[in-house]
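Right, one structure below, let's go through it.
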Amino acid sequence: MIEISMPYKRELKRDYNIDLDNMNAKVGEKLGRVVALKMGSVCPRSLMLVVKKNTAAPEQETNGKVLEGVVTNIDNTDFVVFSIKDNFGRIFKFYWFSVILSDIELTNNYNSLLGKTLKVTFDKKDYFDPKISDYRQFNVISKIESVSN
């Protein structure tokens, strides 16, 4: 945005007191406001797309691991931990440590998922476990989707 504004640096200094030669966070924010106002009057649809994209829930980076299975247990002793049984009968534990992208309202309804089939996207993360004085790998949930049975 700064580079594109350079041909207009005299006008920006004169009309808005924006000095592109002395940029800092305040000046950058002021420039962003001016550009947004101008953009809103000329191409409001484009501005709305930019605003919508930047205010949407942030996509969490994931390493692409996905498991689909039935929730067999939900433990909420320290953190919420879902035990999920896959199609081969193996049971895996998945930890809810941070914000989860989901089509389900999880905060108040996670206990109702017992017995339901879910598609879980997760990252394998190493966390220090003081009980064993070593790092341990956890399956940390980044996304949960309901699966129609």
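The values are calculated or read from the model by the stated rules, or taken from the named source; none is laboratory data. None of the values given here were measured: they were computed from a predicted structure. A quick note on method: Cβ atoms are made from the backbone with ideal geometry, for glycine too, and the neighbour counts reach across all protein chains shown. Accessible surface is based on the protein model in full, side chains and every heavy atom, while ligands, DNA and RNA are left aside. Shrake-Rupley method; radii C 1.70, N 1.55, O 1.52, S 1.80 Å.
Scanning segment 17-27 for residues that are open to solvent by less than 80 Å² (accessible area, probe 1.4 Å) and touching a residue at least 12 places away in the same chain (Cβ under 8 Å), which turns out nearest to K38 (Cα to Cα)? Applying the filter and picking the extreme gives I18. Taking segment 99-142 as the range and being within 23 Å of G89 (Cβ to Cβ) and either basic (K, R) or exposed (fewer than 14 other Cβ atoms within 10 Å of the Cβ) (or both) as the test, the residues that pass are L114, G115, K116, K119, K124, Q137.
A search for C-beta distances below 8 Å between a residue of segment 88-105 that is in a loop (DSSP other than H, G, I, E, B) and any residue that is surrounded by fewer than 17 Cβ atoms within 10 Å (Cβ to Cβ) and among the hydroxyl-bearing types (S, T, Y), counting only pairs 6+ apart in sequence or on different chains, returns D103/S146; I104/S146.
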